[in-house]
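Here the structure comes first, spelled out in structure tokens, and everything after it is commentary.
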Amino acid sequence: MTDALWKAFMTPPTSKYRELARVIEGMTYPSPQELELFRRAIGLRSLMNPQTESAFWLVWSPTGHKSPSFRHPSIQSATTEAERLATAHPGQLFVVLEPVAARRVDSMIRTQYVGGTAGEPPF
């Protein structure tokens, strides 16, 4: 924490927020590339490319009753399966899909409120 930021937190509440605003206003922020270099230097996992997986293909039917679940290791394998399914189900469309990116948020912020009426009868 910089001296100016520490001073901003230690001053009385009336001026604390104004001083903190001045400190933040004058700050410069690293570029994404600089942040990535810093993270690597201190041994943190990369933000730019946190996870990679091998490519895979899915066979999907928009009128089907099941979501695709098998990950085909090659486009040829998925295409062969799409042709097999199309032959077995005439008139039904089967599409070969290749995912290009995925996102997942894996954190939950939990807040417990105290002093309320939860658990008490409503009367």
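Between the beta carbons of SER69 and LEU37, assuming R0 = 35 Å, the FRET efficiency works out to 0.30 to the nearest 0.05.
Backbone phi angles across the stretch 90-105, fed through the Karplus curve with coefficients 6.51, -1.76 and 1.60 (θ = phi - 60°), yield HN-Hα couplings of x, x, 8, 8, 10, 10, 8, 10, 10, x, 10, 7, 9, 9, 8, 9 Hz in residue order; Gly and Pro are listed as x.
Computed from the coordinates by the stated procedures, all read-outs in this text should not be read as laboratory data. In this text the structure is predicted, and so the values were computed from the model without any measurement. We place every Cβ from the backbone using ideal geometry, glycine too, and count neighbours over all the protein chains shown.
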